[in-house]
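Chemist: Sharing a structure with you now.
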Amino acid sequence: MKVLAILYNGFNAAVKEPRLLGTVENKLGIDKWLASRGHEYIVSSDKEGPNSDFEKHIADAEVLITTPFHPGYLTRELIEKAKNLKICVTAGVGSDHIDLNAAVDHKIQVLEVTGSNVVSVAEHVVMNILALVRNFVPAHEMIERGDWQVSDVARNAFDLEGKVVGTIGAGRIGYRVLQRLVPFDCKEHLYYDYAKLSTEREQAIKARRVEDIEDFVSQCDVVTVNAPLHEGTRGLINEKLLSKFKPGAWLVNTARGAICDADDVAAALKSGQLRGYAGDVWNVQPAPKDHPWRTMKNPLGGGNGMTPHYSGTTLDAQARYAAGTKSILENYFEGREQEPADVIVGLGAWATKAYGQR
Ligand code: NAD
């Protein structure tokens, strides 16, 4: 059986650090195991264009492994060319880089390692919120420059205590973010999600549901995005919705870049409508050198907490999603039932309720 994996290059770091499992060099740690079972395992980072390894090998691969960190974009057109493809496994969480409706139509199963990096991301979100609210990045840059002018950074630094924090999406990550914020004594925790939490779960994270998104954002000092990218969330945060935010609010998005309109976010930060924007996900990955989010700033020259996509790929997370990928493959080879929570698209049908109301 031919197994194709599109992973990111780890170069020297991956040679020196074998726990960087999600790299081309370390192959999710499953190369010897696959070889011992007689499978052909192709691993590459080369994913763009008709001459890429991705497009060449997808033509006859039965299994495709991808990762959200260096997404192999499996379009409907590619799915139509992938005559042998039966199963796509996302090493991580978030399978929007696959045309999921086309996978349904072509009876290709899509699975991800559900839960594998949700703590990793929730911790990153809490860090991003604190970095923005406390104006950490400009303060650190000042020190590196050799300057010391406390008022220049203190003029835009606040406490999180007493602020209203809201999450768009209160699933595994959104829930864990609010759970981790409980000791910070925020004024309120809000959530916007068509899936209501049980009263016990709401109480445990002190959360109140707001059903209208404009009403929701207008009440938040901090908005964090923790919903998958699908038809209902693509471009959700655009000029119109940003105009309903509290002036000077902070926005953190570690879900997917394309949930926000890139130019509208950059303009809102420039005007001060947003005081800060942070996250690790981009509408195109790797992000082009001139992407506006790399350098955008608020009127005081700060408010940018962007990083490359790495919140869910800590070494701890890599161990979990590598093990989860192997277990999904084992189930597939043995014809065993998969963990229901891992199935995004089953044979010819959506299996999850998290990718929008259908
Ligand atoms: P989850 O399935 O547990 O929760 C997603 C929640 O979003 C669900 O409760 C769902 O009802 C809700 N939702 C869906 N559409 C919505 C909408 N239009 N408005 C409001 N809520 C909506 O998923 P999760 O494990 O919490 O992960 C969420 C997303 O985070 C993933 O799909 C992925 O895109 C992203 N993620 C990013 C990283 C990273 O490294 N940056 C890592 C893991 C996951």
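The values are calculated or read from the model by the stated rules, or taken from the named source; none is laboratory data. Being a predicted model, the structure only gives us computed values, none of them experimental. As a convention, Cβ positions derive from the backbone with ideal geometry for all residues, glycine included, and neighbour counts pool all protein chains shown.
Chemist: Within the stretch 266-275, how many residues are surrounded by fewer than 19 Cβ atoms within 10 Å (Cβ to Cβ), in a helix (DSSP H, G or I) and small (G, A, S)?
Modeler: 2
Per-residue answers, yes or no, for (1) polar (S, T, N, Q); (2) under 21 Å from the mean Cα position of the chain (by Cα); (3) at pLDDT below 95:
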{"residue": "T313", "(1), (2), (3)": "yes, yes, no"}
{"residue": "Q318", "(1), (2), (3)": "yes, yes, no"}
{"residue": "T325", "(1), (2), (3)": "yes, yes, no"}
{"residue": "L329", "(1), (2), (3)": "no, no, no"}
{"residue": "G335", "(1), (2), (3)": "no, no, no"}
{"residue": "I344", "(1), (2), (3)": "no, yes, no"}
{"residue": "Q357", "(1), (2), (3)": "yes, yes, yes"}
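Chemist: Let me ask another. Out of the residues in the stretch 157-173 that are part of a strand (DSSP E or B) and aliphatic (A, V, I, L, M), which is nearest to the ligand (Cβ to nearest atom)?
Modeler: This residue is I168.
Chemist: If the requirement is being away from the ligand (no atom under 16 Å from the Cβ), surrounded by 21 or more Cβ atoms within 10 Å (Cβ to Cβ) and more than 24 Å from the chain's Cα centre (by Cα), which of these qualifies: A5, A61?
Modeler: Just a single option satisfies the conditions, and that option is A61.
Chemist: In a loop (DSSP other than H, G, I, E, B), at pLDDT 95 or above and among the polar types (S, T, N, Q), is that true of T224?
Modeler: no
Chemist: So which pairs qualify, if the first residue must be in the stretch 75-97 and touching a residue at least 40 places away in the same chain (Cβ under 8 Å) and assigned to a loop (DSSP other than H, G, I, E, B), the second must be small (G, A, S) and surrounded by 13 or more Cβ atoms within 10 Å (Cβ to Cβ), the Cβ gap must be under 7 Å, and the two must be at least 6 apart or on different chains?
Modeler: Correct list of pairs: N84/A61; A91/G22; A91/A322; G92/S116; G92/G312; V93/S116; V93/G312.
Chemist: May I pose another question? Do you know which of the residues in the stretch 276-297 that are surrounded by 23 or more Cβ atoms within 10 Å (Cβ to Cβ) and over 12 Å from the mean Cα position of the chain (by Cα) is nearest to the ligand (Cβ to nearest atom)?
Modeler: Looking at residues that are surrounded by 23 or more Cβ atoms within 10 Å (Cβ to Cβ) and over 12 Å from the mean Cα position of the chain (by Cα), I get A278.
Chemist: How many of the residues making up the stretch 300-358 are within 13 Å of the ligand (Cβ to nearest atom), surrounded by fewer than 18 Cβ atoms within 10 Å (Cβ to Cβ) and polar (S, T, N, Q)?
Modeler: The number of residues fulfilling the criteria is 3.
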